Amino acid sequence: MKAGFAGALMALLAGIGMAQQGGFDKAAMLRELDKLEQSHKDKVTAEQKSVGDGLGKALSSTKSLLDLYEDAVFATKFEGGKKDNTEFKKWKSAQDDTLKADDFQAALALHANYLHLTFLRASGEDEGKLNEALLQHVLKVWAAESKFDLRKRTNAELLDRPVTQGVLARHFHLGQKLGGPQEGEKTKEQDKTWEWSPANTDGMLDRTVFPFLRAKKSPALIQLWDKRIVNETLRAKRQGLNDKATQFTQQTLPKLNWQRARDLVLLGREAEGFSTMIETLRQHTNLAEFDMYAKELRDLLAAGETKSAEKTE
C-alpha cells in the first residue's frame with residue numbers, strides 16, 4: 001500500500017516538475033483527453049445497450065421475466081453463493097405460489113416495463129416517443145387494476161416504491177444513473193417531472209404526459225382526460241360504498257372535472273370549459289378549493305373579455 005502511494009506521489013511530482021520546466025505537451029494531453037472521453041462514452045453506450053437488451057428480452061415473455069427476477073433476487077440477496085445453495089432453494093420454494101400467481105406476474109411486468117421507460121428517459125430517449133410509451137404504460141396499469149388486486153403486499157413491493165430502488169434496478173447497478181430518489185432520500189426538484197412509482201398513473205399523467213400534451217396544445221389532451229375520469233370512476237365503484245367512494249364523488253371527481261375544463265379553455269374551447277367550471281361550482285359549494293376556483297374562473301373570464309376588447313379596437 002505504502003509503495004503504491006509512494007509511486008503515485010512520485011508520478012505526480014514528476015508531472016508537476018515537467019510542467020514547471022515547460023516540458024509537457026499540451027497537444028498530446030488534449031489528444032489523450034479525447035481518447036479518454038471517447039472510451040468513457042463507448043463504455044456508457046455498451047452498458048446502456050446491455051441493460052436495454054436485458055430488459056427488452058425479459059419483457060418478451062413471462063418465463064424470461066421470471067428468470068430475470070430470480071437472477072436479480074439471487075444476485076442482490078444471496079451474493080457470493082450458488083443457485084443450488086440451501087438458502088436460495090428455501091426462498092424459491094417459499095415463493096413458488098407467488099411466482100406462479102397471475103397478479104404477481106402482472107405487477108412484475110409493470111415494474112420491469114416502467115424501469116425500462118425510466119432507463120430510456122435517463123438515456124435521452126426522444127420526448128415524443130417516451131411520452132407515447134409512457135401513455136401505453138398508463139393504459140396497461142389501468143387494465144391490470146381492473147383484473148387484479150395490485151395492492152396485495154407482494155405486488156405493492158414492486159409497484160408502490162420508487163422503481164430506482166427495486167431489485168431489478170439494483171441487479172443492473174443502475175442506481176443514481178436513473179436519477180430520482182435513492183434509498184432514504186426525498187425527490188429532488190429536478191426529478192419532479194417524472195413519476196418514480198411504477199403504478200402511480202396520476203403522477204405519470206400530471207408530471208409528464210399532460211404537460212407534454214399542453215405544450216403541444218394537442219386535442220389528445222381532452223381525450224386522455226375523458227379516459228382518466230372514466231377509469232377513476234370505475235376504480236371508485238370497485239371500492240364499493242365506503243368513505244373513499246364518497247370522497248371520490250364529492251372531492252376527487254369535481255377536481256378532475258375542473259382540471260379538464262381548464263384544459264378545454266387552454267385549447268380554445270372556452271364555452272364548454274367555462275360552462276363546466278360554473279356548473280362544478282354550482283354543484284359543489286362545499287369544496288375546499290371553492291374560493292380558489294371562483295377566483296380562477298373570474299380571472300379567466302376577465303382575460304377573455306380583455307382579448308375580445310383588443311380585437312374590436
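Residues that are closer than 26 Å to residue 282 by Cα and either part of a helix (DSSP H, G or I) or in contact with a Pro (Cβ under 6 Å, 6 or more places away or on another chain) (or both) occur at least once in segment 214-222. Summed over segment 141-184, residues that are polar (S, T, N, Q), part of a helix (DSSP H, G or I) and under 28 Å from residue 46 (Cβ atoms) total 3.
The number of residues in segment 36-65 that are under 22 Å from the mean Cα position of the chain (by Cα) and either closer than 18 Å to residue 158 by Cβ or aliphatic (A, V, I, L, M) (or both) comes to 7. Taking the stated definitions as given, is residue 187 out of contact with any Leu (no Cβ under 9 Å at 6 or more places or on another chain), in a loop (DSSP other than H, G, I, E, B) and within 14 Å of residue 121 (Cβ to Cβ)? No: the conditions fail for residue 187.
Listed by first and then second residue, the pairs with beta-carbon distance under 9 Å, at least 6 apart or on different chains, first residue in segment 112-129 and on the phi > 0 side of the Ramachandran plot, second among the polar types (S, T, N, Q), form an empty list. Within the option set 159, 253, being hydrophobic (A, V, I, L, M, F, W, C) and either under 27 Å from residue 286 (Cα atoms) or touching a strand residue (DSSP E or B) at 6+ places or on another chain (Cβ under 9 Å) (or both) holds for one residue only, 253.
Looking across segment 206-235, just one residue is within 21 Å of residue 106 (Cα to Cα) and either crowded, with 19+ Cβ neighbours inside 10 Å or modelled with pLDDT of 95 or more (or both), and that is 228.
The values are calculated or read from the model by the stated rules, or taken from the named source; none is laboratory data. Bear in mind the structure is a predicted one, so any value in this text is a computation, not a measurement. FYI the Cβ positions are ideal-geometry reconstructions off the backbone, even for glycines, and counts take in every protein chain you see.
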